[in-house]
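One structure is given below, encoded as structure tokens.
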Amino acid sequence: MPIYPPPEPPLIIEQPGKPSSPIADMRDVFARKTPQTQEDRTQARAFIDAKIEMIRHDPYMTDAEKAAAIADLESRR
């Protein structure tokens, strides 16, 4: 049984320096369209509380780093 070589890969012509689409700031397009619900606020608070607990138990952070990180998170509650 003869063994044939694999077929040649298809020819791809690239055009460097030519972006496929313009780069634009789309944050306003995807901004929240509805008011935040109580459930949203509750979930956000639970997330921040969990992050604070994680920081409190981090063996690699100094006490000063922990205090700064916790203060930052508490300001976001």
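The values are calculated or read from the model by the stated rules, or taken from the named source; none is laboratory data. Quick caveat, the model's predicted, so the values are computed rather than measured. Every residue, glycine as well, gets a Cβ built from its backbone with ideal geometry; the counts of neighbours run over all protein chains shown.
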List, please: which pairs have Cβ atoms under 9 Å, are six or more places apart or on different chains, and start with a residue in the range 64-77 that is over 17 Å from D49 (Cβ atoms) and end with one that is assigned to a helix (DSSP H, G or I) and modelled with pLDDT of 95 or more?
E65/I55
Somewhere in the range 62-77, is a residue assigned to a helix (DSSP H, G or I), loosely packed, with under 11 Cβ neighbours inside 10 Å, of a type in the set (S, T, N, Q) and at pLDDT 85 or above?
yes
Restricting attention to the range 3-19, does a residue exist that is β-branched (V, I, T) and under 23 Å from the mean Cα position of the chain (by Cα)?
no
